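Working notes for the structure below.
None of the figures in this text is laboratory data; all of them are computed from the coordinates on show. These numbers come from a predicted model, not from an experiment. Quick reminder, even Gly has a Cβ in these numbers, built from the backbone with ideal geometry, and neighbours come from all protein chains shown.
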Amino acid sequence: MSLIVLHQSYGCDTGCCGHVVQTEKGEQVGGFHFVHCYDGDTRAFIENLVRDEGCDPADIDWDNCIVGDD
């Protein structure tokens, strides 16, 4: 199973955004994370989100991750 970390909005009316972990089939793994990568260490940020969901960072599809900082 490949895992992807994506920057997304949380609900139409909230104006909030953050990140989710998804499978290659688009299925969300765990919850919505209201966090961003402000320190510039994108690799560690992605690995930590994946670990927080109880998954193995070895499964990360690095080419398809989209991380935002806003």
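Data for the structure
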| read-out | value |
| --- | --- |
| Taking F32, F45 and counting other C-beta atoms within 10 Å, the order from fewest to most | F32, F45 |
| Full-stretch length increase - C16, M1 - with 0.36 nm per residue and alpha-carbon distance subtracted | 2.5 nm |
| Sequence-distant residues sharing a close amide H with C17 (under 5 Å, placed H) | Y10 |
| Distant-in-sequence amide H partners of H36 (H built 1.01 Å from N, under 5 Å) | none |
| In Hz, Karplus ³J(HN,Hα) per residue of the range 20-25 (6.51, -1.76, 1.60; θ = phi - 60°; x = Gly, Pro) | 10, 9, 10, 7, 5, 8 |
| Fewest-first ranking of L3, L49, using other Cβ atoms within 10 Å as the exposure measure | L3, L49 |
| Sorted by Cβ density within 10 Å, fewest first, the residues V50, V20, V67 | V67, V20, V50 |
| Long-range amide H partners of S2 with built H, under 5 Å | E24 |
| Karplus-derived 3J(HN,Hα), 6.51/-1.76/1.60, for each residue of the range 43-51, Hz, glycine and proline x | 4, 5, 4, 5, 4, 5, 4, 5, 5 |
| Within the chain, helix-based [θ] at 222 nm, where runs of 4 or more DSSP H residues each add -39,500 (n - 2.57), nearest 500 | -5000 deg cm²/dmol |
